[in-house]
Number of protein chains: 2
Amino acid sequence: MANALRALAMDAVEKAQSGHPGMPMGMADAATALFTRFMKIDPGRPDWADRDRFILSAGHGSMLLYAINHLLGYADMGGGELKRFRQLGAVTAGHPEHGHTLGVETTTGPLGQGLTTAVGMALAERMMNARFGDELVDHYTYVIAGDGCLMEGISHEAIDLAGHLKLARLIVLWDDNGISIDGSTALSTSTDQPARFRAAGWNVIAVDGLAYHAVVDAIAEARRSDRPTLIACRTTIGYGAPTKAGRESAHGAPLGAAEIEGAREKLGWTHPPFEVPDELRAAWAEVAARGRAAREAWEARLSTSGRRADFEAAVEGDLPADFDEKLDAYKRMLGEEAPKVATRKASEMVLGVVNEASELTVGGSADLTHSNLTLTRGLGSVVPGAYGGRYLHYGIREHAMAAVMNGLALHRGFIPYGGTFLVFSDYARGAMRLSALMGQRVVYVMTHDSIGLGEDGPTHQPVEHLAMLRATPNINVFRPADAVETLEAWQLALHCEGTPSVLALSRQNLPTFRTAYSEENLTGYGAYVALKPRRRRDVTLLATGSEVEIAFKAVDLLAARGVDAAVVSMPCWELFEKQSEAYRRAVLGTAPRVAVEAAARLGWDRWIGDRGRFVGMTGFGASAPAGELYAHFNITPEAVVDATCDLLTCA
Amino acid sequence: MANALRALAMDAVEKAQSGHPGMPMGMADAATALFTRFMKIDPGRPDWADRDRFILSAGHGSMLLYAINHLLGYADMGGGELKRFRQLGAVTAGHPEHGHTLGVETTTGPLGQGLTTAVGMALAERMMNARFGDELVDHYTYVIAGDGCLMEGISHEAIDLAGHLKLARLIVLWDDNGISIDGSTALSTSTDQPARFRAAGWNVIAVDGLAYHAVVDAIAEARRSDRPTLIACRTTIGYGAPTKAGRESAHGAPLGAAEIEGAREKLGWTHPPFEVPDELRAAWAEVAARGRAAREAWEARLSTSGRRADFEAAVEGDLPADFDEKLDAYKRMLGEEAPKVATRKASEMVLGVVNEASELTVGGSADLTHSNLTLTRGLGSVVPGAYGGRYLHYGIREHAMAAVMNGLALHRGFIPYGGTFLVFSDYARGAMRLSALMGQRVVYVMTHDSIGLGEDGPTHQPVEHLAMLRATPNINVFRPADAVETLEAWQLALHCEGTPSVLALSRQNLPTFRTAYSEENLTGYGAYVALKPRRRRDVTLLATGSEVEIAFKAVDLLAARGVDAAVVSMPCWELFEKQSEAYRRAVLGTAPRVAVEAAARLGWDRWIGDRGRFVGMTGFGASAPAGELYAHFNITPEAVVDATCDLLTCA
């Protein structure tokens, strides 16, 4: 059965003349052990909620997964797709892509992401189990990780957190083949991985990864552990290839006809390319049949559990019917009370309503809880061995936080949100990009969103980060200007099931200008006229977040100089892009435009146009109280006036 | 002496009403042990090449360093500056900033960066030692790291690499105080740090960090080890504060008058705020005197070594006098031979000349050597215990690679360059930003710079990364279009001492269009007219990198339709921004403009203007052969023609 995987991997890579045969050939036995004896999946129902999760963290070995899914009979993985490996539109993409291919639990390829996302899934399993019990939630998360996954920094964050939280249902099979792309791993590492994992609180088992029964015994033992388990599988990369096995040349290129010929001989595989004999297919079909039976038994339990509606609503991620009503009522109140608070504080206030209104949300912070203001009353912390809470102390691990949130979202049952400073999106970039690529409903609460952060200085002050995030496809970047826009941003983020959101929030207090209640979510337009000109529109001031206040102040100064200005608040460029051209033109107007944002200019020319002016940052920030920094960097109402009077005649 | 540090830290934070007193108060004894007994520095000559390096990786504890530097008599750190802690323009910035304050070896604050940059410095010390011997290069690198540093993923990459390379002169004092911002570290970690470091090949010593003599003994022992050493210093955060010591409330906020009063009492510190008695000042001055003597002895050795000129040229980072001549000769040859090669290949060819012409360059790759093409003949690998080589196998550790390169550059003696795929700049962002903020000459060789990467698919295909890097202050982002521009980009990057560079290079082959030799470095203009229109300029096609070829092909198609087009190659936006407005206007022209780049649009509106069109990516890529992807995403000469004919009348 393992040789069938090897043969299919060799054949597909050879046909594509592109890909990675080495890992599938090395890990074929271990994968066969896992799937034939343990994996609980029903290929006919890839989204069955209580299935085991299998994560190919070493995503370059995608043919291992595709070969398995082919033999298991996933509907989209016919033999033709194996022959179209890495071709345009094929489900057999170069690296496994969630949403593109059935049975791919998460997109992998960037190393270490799969492992860390799996931590999120294993955590989600325990958290769902705490809510719905053993009858409905009782599955494992299995990972195949390579040397690369374990060298990446994110792996430290992942195993540290998993060990701490005692995620005993997480079982990682490490493809310990001693080879990386540059050559022997001895070129660059001397780490004793088992000792490292033990130091992080893991159970560790070492086996011959080419020995089916040894791997079976190891997995059985791992399932009995009260801690997550690393199974160190000693393997040979490209096992079977006569001259390339055990060498880096087997890693990432087709083996070539002669080498494949030799491998077939060595493995005793006599079948033509892409052909697998019926008796082997039948053996793999048994795995699927076992899974189908388990799924049917589970469905029977669900039907009689009395929790069906709740369970399905959680898995669907449905917000309660009265959710928007509650939020709208709070929006009305915010408008009436017009609090002068930082948008991070407004976010906390809104989260109080959100977390009360829905039980799906799971909060957290990378050790900045009291700065990000992500913890609301009554959430309760998730702690080792007790997973009923709704708040995660991610530790100083921004990257793992993002990847774990991806895992929570992918597992289904939760809407994760997590906080750090906007500047530290740098640390989380790898996983944030995957939130976007996979289209997951993950909410990033990024506070301290400009030089308004103040004294901590340039290392902590984002400048380029709004542009970075806006440039990334499929992320909604919200930079609300007041408490009402903050509420609207949360409302949109929580409703947006196919797109992650970033909320860029201020440290400093801001007045509420949206005092008149609007039933419509104006932030949903991306940009809108926040202040109409008194008579005619001489100039349009564009601003986001904390700089909307500056634009408002500039309006008064300009009025004194005979200039009539409109203010356009632009909390979400991505949503504004989606409006009709007519709407956009009406909002932007035909008058000259001046934009103000305490960030890099890149991207703003699209909105200010050829004649426009930009008031913002041109370099890194500095360490000083926030107000002084705004003056120092000349991001002030006076600077907006000067820029305007550059464009037109002021009195 | 330690209490003087505690008092100054308390007082400065209190006066600023902002900052972090907890760490300085906890680590004051350990720091005193290090400085009084071991540190070899001459405050009068902060740039002495053979000084010990001290890195405050836990950068929020900046007052510890400022208090020490004040007492050691650094010229810029008078008492007035302590009173202006965290104020605009003060050298006492919120976090230590290299280049802003004397005696700050690297900018810290983003956690884990200092530790990893220190690995680069300790490596540089050994590499310089291999070149110049024990007489001239014989120093240690000391780090104070906090729990946060050790939780960040980058710390894994750092300790793994340092342990592997046996960097015995790296000594890390871990402030093991059991407290992070959210509260006890037990909220989020259970890792056995000593076991973890031992697994990575480190020597580990555990001591009472509040016991001066114990720390002295530990450092002495560490200096005798043949491996890097972690000294786990058990401390109490905010030691001395009567109610806040040992609690998170001591971490990042002023203690308050009452608490300070209590601390003074408990510590027996009777002096007014900011005052330190003369006898203590005298004791600290002895440290400085010892350092001055050591420096003078070293200078005597340098004078008689016969290596003075070489050594100083290396430390200054001077390229040889004939460097440009050799590069220019090669440029002439490239123009004549007009190779059709990928720009990553052109980069390798140019590096062959560069690495031959200067010994300052140190190459490397995050395990993609044969993809990034960063290794040229004869460089030789740096391996554990033998540091004479010039090539580093960074392993699958993009983030550490970037931070270690920062350390190599900051230490001086080397010009580091390192490779990975452009998309994995995501993993290195934290350290790349610090390259820019510190203005270090670090060259990032980022290959596979678009969907042209092909089959590996969207996880490996950058889309937003050019925009991200262009938005970042003080980075030159080069995207050369052919072999000649690649050479010019390297030439600029190596000459640019205050700015890091990114070279975004193609996987796919590209023709050389710069066949006519130009003495001037045209890439140095940032953008220039690569193809003049035949008669009049009907349209200007703007392009970078691999898309310049597409623009050239579009010119022919447009000519057939009666449209006369100019092509502007824009290899470096940042340098183009620096040209005169007249130059920029002349290059961009007054005709309508169409830009083509296989990347996100963000930022292009600045160049195409209100009437312009953009041909590029609107979402993530896909897995398929490169040529098919360009067609699929409609980034083709025909698409450029269509966009042009949208703007003006085509036949």
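Let me spell out the model: positive unit charges on the Cβ of Lys and Arg, negative unit charges on the Cβ of Asp and Glu, origin at the Cα centre of chain B. What dipole size does that give, in debye rounded to 20?
420 debye
For the protein assembly as shown, treating each Cα as an identical point scatterer without solvent, what Debye log10 I(q)/I(0) comes out at q = 0.04, 0.05, 0.06 1/Å?
Evaluating at q = 0.04, 0.05, 0.06 Å⁻¹ gives log10 I(q)/I(0) of -0.22, -0.35, -0.51.
What aspartates and glutamates could a cross-link reach from B:Lys345, if we take a straight Cα to Cα line under 14 Å and drop same-chain neighbours fewer than 8 places away?
B:Asp449, B:Asp482, B:Glu485
Specify whether the C-alpha gyration tensor of the range B:256-346 places it in the rounded, prolate or oblate class, a ≥ b ≥ c being the square roots of the eigenvalues: rounded for a/c under 1.5, otherwise prolate if a/b is larger than b/c and oblate if not.
Verdict is oblate for the range B:256-346.
Report, in degrees rounded to the nearest 10, the 0 to 90 angle that the Cα long axis of helix B:113-132 makes with the longest principal axis of chain B.
Tilt relative to chain B: about 90 degrees.
With no solvent and one equal point scatterer placed on each C-alpha of chain B, evaluate the Debye formula and give log10 I(q)/I(0) for q = 0.08 Å⁻¹, two decimals.
-0.64
So what does B:Ser381 come to for accessible area, using a 1.4 Å probe and Å² rounded to 10?
Surface accessible to solvent at B:Ser381 totals approximately 50 Å².
Label-to-label distances across copies for B:Glu577, with labels 7 Å out along Cα→Cβ, in nm, shortest first?
Result, one decimal in nm: 2.0.
Please report the antiparallel percentage of DSSP beta bridges with both residues in chain B, rounded to the nearest 5. Write down the numbers at each step before the final one.
Working: 8 of 62 bridges.
If we restrict to bridges inside chain B, about 15 percent are antiparallel.
Taking +1 at the Cβ of each Lys and Arg and -1 at the Cβ of each Asp and Glu, which of A:Thr374, B:Thr540, B:Leu173 sits farthest along the dipole of the protein assembly as shown towards its positive end, judged by Cα position relative to the Cα centre?
B:Thr540
With everything on Cα atoms, drop me the angle between helix A:153-164 and the longest principal axis of chain A, reported from 0 to 90° to the nearest 10.
The angle comes out near 80 degrees.
Would you mind giving the average projected area, over all directions, of the Cα convex hull of the range B:530-651 in nm² with one decimal? Walk me through the numbers on the way to the answer.
On the way: hull surface 29.8 nm².
About 7.4 nm², averaged over all directions.
Rg and Dmax in Å for the range B:302-423, alpha carbons only: what are they?
Values for the range B:302-423 (Cα only, Rg and Dmax): 15.7, 51 Å.
For the pairs B:Lys83/B:Lys266; A:Lys244/B:Lys340; A:Lys15/B:Lys340; B:Lys244/B:Lys266; A:Lys244/A:Lys266, note any where the Cα-Cα span goes beyond 19 Å.
Going by Cα-Cα distance, B:Lys83/B:Lys266; A:Lys244/B:Lys340; A:Lys15/B:Lys340 fall outside the 19 Å limit.
Taking every DSSP beta bridge that has both residues in the protein assembly as shown, what percent is antiparallel when rounded to the nearest 5?
Bridges in the protein assembly as shown are about 15 percent antiparallel.
Could you name every residue in the range A:440-463 that has 40 Å² or more less accessible surface in the full protein assembly than in its own chain alone (probe 1.4 Å, ligands and nucleic acids excluded)?
The answer is A:Glu455, A:Asp456, A:Pro458, A:Thr459.
For A:His370 and A:Glu519, FRET efficiency with R0 = 41 Å and r from the beta-carbon atoms, rounded to 0.05? Walk me through the numbers before you get to the answer.
Details: r = 34 Å, r/R0 = 0.84.
Step by step, r from the Cβ atoms, then E = 0.75.
Once you have the alpha carbon radius of gyration of the range B:573-630, what is it after dividing by 2.2 N^0.38 Å, with N set to its residue count?
For the range B:573-630, the normalised Cα radius of gyration comes out at 1.39.
From the label point of A:His370, set 7 Å along Cα to the beta carbon, how far off in nm is each other copy's matching point, shortest first?
Result, one decimal in nm: 5.4.
With +1 on each Lys and Arg Cβ and -1 on each Asp and Glu Cβ, how big is the dipole of the protein assembly as shown about its Cα centre, in debye rounded to the nearest 20? Walk me through the numbers before you get to the answer.
Values: 126 positive and 156 negative charges, 170 e Å.
That gives a dipole near 820 debye.
Could you give the semi-axes, largest first, of the ellipsoid that matches the range A:1-149, computed as the square roots of 5 times the alpha carbon gyration tensor eigenvalues and rounded to whole Å? It would help to have the intermediate numbers written out before the result.
On the way: eigenvalues 134, 48, 40 Å².
With the √(5λ) rule applied to the range A:1-149, the semi-axes are 26, 16, 14 Å.
Is there a quick way to get the dipole size of the range A:96-183? I mean about its Cα centre, with the Cβ of Lys and Arg at +1 and of Asp and Glu at -1; what is the value in debye to the nearest 20?
For the range A:96-183, the charge dipole is close to 320 debye.
Run through the other copies and list how far each one's label point is from that of A:Glu336, in nm with one decimal, shortest first; the point sits 7 Å from Cα along Cα-Cβ.
Inter-copy label distances (nm, one decimal, shortest first): 8.5.
Given the convex hull over the Cα atoms of the range A:421-554, what projected area results after averaging over all orientations, in nm²?
Details: hull surface 35.7 nm².
Average of the hull's projected areas for the range A:421-554 equals 8.9 nm².
Helix A:22-37: angle to the longest alpha-carbon principal axis of chain A, degrees 0 to 90, nearest 10?
Helix A:22-37 and the main axis of chain A meet at about 80 degrees.
Could you name the lysines in cross-link range of B:Lys532, using Cα to Cα under 19 Å and dropping any fewer than eight places away on the same chain?
B:Lys553
Kindly provide the GluC sites (Glu not before Pro) of the range A:418-518 that DSSP labels as loop, not H, G, I, E or B, and whose Cβ sees at most 16 other Cβ atoms within 10 Å. Show your work: numbers first, answer last.
On the way: sites: A:Glu455, A:Glu464, A:Glu485, A:Glu488, A:Glu497; in loops: A:Glu455, A:Glu464, A:Glu497.
Loop-located and lightly packed - A:Glu497.
With every protein chain in place, what's the accessible area of B:Lys578 (1.4 Å probe, Å², nearest 10)?
150 Å²
In angstroms, what radius of gyration and Dmax does the range A:372-414 have, counting Cα atoms only?
Final numbers for Rg and Dmax: 10.9, 26 Å.
Which chymotrypsin sites (Phe, Trp or Tyr not before Pro) does the range B:146-217 hold that lie in a coil by DSSP with at most 13 other beta carbons within 10 Å?
For chymotrypsin sites (Phe, Trp or Tyr not before Pro) across the range B:146-217 that sit outside H, G, I, E and B with at most 13 neighbouring Cβ atoms in 10 Å, the list is empty.
Which values, in whole Å and largest first, are the semi-axes of the equivalent ellipsoid of the range A:520-590 obtained as the square root of 5 times each eigenvalue of the Cα gyration tensor?
Numbers: eigenvalues 96, 37, 13 Å².
In descending order, the three semi-axes are 22, 14, 8 Å.
Rounded to the nearest percent, how much of the accessible area of the protein assembly as shown (1.4 Å probe, protein heavy atoms only) is carbon and sulfur?
Values: 19290 of 39580 Å².
Within the protein assembly as shown, the accessible surface is 49 percent carbon and sulfur.
Interface size between chain A and chain B, please: total buried accessible area, 1.4 Å probe, rounded to the nearest 100 Å². Display every interim value, and only then the final one.
Working: alone 23760 and 23740 Å², together 39580 Å².
Interface between A and B: roughly 7900 Å².
Separation of the range A:455-502 and the range A:513-578 by C-alpha centroid, Å?
Each part's Cα centre sits 18 Å from the other's.
Got a number for the accessible area of B:Cys645? Probe 1.4 Å, square angstrom, nearest 10.
40 Å²
Tell me, what is the Rg over Rh of the range B:1-43, with Rh the Kirkwood radius over Cα pairs?
Value, to two decimals: 1.05.
Could you tell me the convex hull volume per residue, in Å³, taken over the Cα atoms of the range A:461-501?
In the range A:461-501, the Cα hull volume divided by residue count equals 65 Å³.
Show me the three semi-axes of the equivalent ellipsoid for the range B:213-261, from the C-alpha gyration tensor (sqrt of 5 times each eigenvalue), largest first, rounded to whole Å. Mind showing how you got there, number by number?
Values: eigenvalues 216, 24, 11 Å².
Those come to 33, 11, 7 Å.
Kindly write out, for the range B:498-508 in residue order, the coupling ³J(HN,Hα) from the Karplus curve 6.51 cos²θ - 1.76 cosθ + 1.60 (θ = phi - 60°), rounded to whole Hz, with x marking Gly and Pro.
Taking θ as phi minus 60°, the curve returns x, 8, x, 10, 10, 9, 8, 10, 7, 7, 8 Hz for the range B:498-508.
What whole-number volume per residue, in cubic angstrom, does the convex hull of the C-alpha atoms of the range A:295-360 give?
87 Å³
Would you compute the Debye intensity of the range A:121-200 from its alpha-carbon atoms alone, equal scatterers and no solvent, and pass along log10 I(q)/I(0) at q = 0.20, 0.27 Å⁻¹ to two decimals?
Rounded to two decimals, the profile gives -0.92, -1.35.
Given points 7 Å out from each Cα along the Cα-Cβ axis, report the A:Glu312 to B:Leu648 separation in nanometres with one decimal.
With each label point 7 Å from Cα toward Cβ, the separation is 6.2 nm.
Mind checking the per residue accessible area of the protein assembly as shown for me, 1.4 Å probe, whole number of Å²?
30 Å²
Taking every pair of alpha-carbon atoms in the range A:63-181, give the share separated by more than 19 Å as a whole percent.
54 percent
The values are calculated or read from the model by the stated rules, or taken from the named source; none is laboratory data. In this text the structure is predicted, and so the values were computed from the model without any measurement. Cβ: placed from backbone, ideal geometry, glycine included. Neighbour counts: every protein chain shown. For the accessible areas, the whole protein counts, side chains as well, though only heavy atoms, and no ligand, DNA or RNA atoms are used. Shrake-Rupley method; radii C 1.70, N 1.55, O 1.52, S 1.80 Å.
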